[in-house]
1. Go through ASP61, ASP92 for me and flag whichever is charged (D, E, K, R), modelled with pLDDT of 95 or more and part of a loop (DSSP other than H, G, I, E, B).
2. Could you tell me whether VAL78 is at negative phi, touching a Cys at 6+ places or on another chain (Cβ under 6 Å) and outside any loop (DSSP other than H, G, I, E, B)?
3. Restricting attention to the range 37-54, report how many residues are farther than 13 Å from CYS95 by Cβ, part of a loop (DSSP other than H, G, I, E, B) and open to solvent by 40 Å² or more (accessible area, probe 1.4 Å).
4. Here are some residues: LEU47, LEU85, LEU31. Which one is over 20 Å from SER120 (Cα atoms), in contact (Cβ under 8 Å) with a residue 24 or more places away in the chain and either among the acidic types (Asp, Glu) or out of contact with any Lys or Arg (no Cβ under 7 Å at 6 or more places or on another chain) (or both)?
5. All but one of (1) open to solvent by less than 60 Å² (accessible area, probe 1.4 Å); (2) in contact (Cβ under 8 Å) with a residue 60 or more places away in the chain; (3) within 22 Å of LEU107 (Cα to Cα); (4) of a type outside the set (Lys, Arg) hold for VAL5; which doesn't?
6. Determine whether the range 11-29 contains at least one residue that is open to solvent by 80 Å² or more (accessible area, probe 1.4 Å), in a strand (DSSP E or B) and modelled with pLDDT of 95 or more.
7. Have a look at ALA91, ALA60 and point out the one that is surrounded by 15 or more Cβ atoms within 10 Å (Cβ to Cβ) and touching a Pro at 6+ places or on another chain (Cβ under 8 Å).
Amino acid sequence: QVNVVESGGGSVQPGGSLTLSCTAHGLFFSLPTMGWYRQPLGDQRELVATITDGGDTVYADSVKGRFSLSRDNAKNTVYLQMNSLKPEDTADYYCYVQSQRTILSSLRDYWGQGTQVTVSS
């Protein structure tokens, strides 16, 4: 079992910045992929960005050049730096963790409880 703990979020004016953090707690052999998804009110959950344990990143087109995802493998933590925020970035943000319990185990997905980001003047 992996416990996903998120922090950060809040309200900011357009053009502002926020940082989200997410840490995976528990027993596991590896965390191949970690990242963030978001779900605007009344809409579907969508990818924001993911990062592998090797540092390879994937970003949604809508956040490229504005958001930056980094990872500290020693701390099992990812950081999403969000700059130049827009009202359309308003959503609940969910941390995603892919875990492998042992070297022979299959991969399992875990989610955080979500943190709200509001961009409004």
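1. Working: ASP92 fails: part of a loop (DSSP other than H, G, I, E, B).
ASP61 is the lone residue from the list that is charged (D, E, K, R), modelled with pLDDT of 95 or more and part of a loop (DSSP other than H, G, I, E, B).
2. Values: at negative phi: yes; touching a Cys at 6+ places or on another chain (Cβ under 6 Å): yes; outside any loop (DSSP other than H, G, I, E, B): yes.
In short, yes.
3. We begin by selecting, within the range 37-54, every residue farther than 13 Å from CYS95 by Cβ; these are 40-44, 46, 52-54.
In the following step, the residues that additionally are part of a loop (DSSP other than H, G, I, E, B) were identified as 40-44, 53-54.
Checking which are open to solvent by 40 Å² or more (accessible area, probe 1.4 Å) leaves us with 41-44, 53-54.
Of the residues in that region, 6 qualify.
4. Details: LEU47 fails: in contact (Cβ under 8 Å) with a residue 24 or more places away in the chain; LEU85 fails: over 20 Å from SER120 (Cα atoms).
Result of the check over LEU47, LEU85, LEU31: LEU31.
5. (1)
6. So the first thing to find is which residues in the range 11-29 are open to solvent by 80 Å² or more (accessible area, probe 1.4 Å), and the list is 11, 13, 25, 27, 29.
Subsequent filtering for residues that are in a strand (DSSP E or B) retains 11, 25.
When the remaining residues are screened for being modelled with pLDDT of 95 or more, the result is 11, 25.
So far as the range 11-29 goes, yes, one or more of its residues are open to solvent by 80 Å² or more (accessible area, probe 1.4 Å), in a strand (DSSP E or B) and modelled with pLDDT of 95 or more.
7. On the way: ALA60 fails: touching a Pro at 6+ places or on another chain (Cβ under 8 Å).
Step by step, each of ALA91, ALA60 is checked, and only ALA91 is surrounded by 15 or more Cβ atoms within 10 Å (Cβ to Cβ) and touching a Pro at 6+ places or on another chain (Cβ under 8 Å).
Yes/no matrix, rows are residues, columns are (1) in contact with a helix residue (DSSP H, G or I) (Cβ under 8 Å, 6 or more places away or on another chain); (2) under 18 Å from PRO14 (Cβ atoms); (3) hydrophobic (A, V, I, L, M, F, W, C):
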site: PRO32; (1), (2), (3): no, no, no
site: TYR93; (1), (2), (3): no, yes, no
site: ILE103; (1), (2), (3): no, no, yes
site: GLN113; (1), (2), (3): no, no, no
site: THR118; (1), (2), (3): no, yes, no
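The values are calculated or read from the model by the stated rules, or taken from the named source; none is laboratory data. These numbers come from a predicted model, not from an experiment. Counting neighbours? That spans all protein chains shown, and the Cβs are built from the backbone with ideal geometry, glycine included. Just the protein is used for accessible areas: all its heavy atoms, side chains included, with ligands, DNA and RNA removed. Shrake-Rupley method; radii C 1.70, N 1.55, O 1.52, S 1.80 Å.
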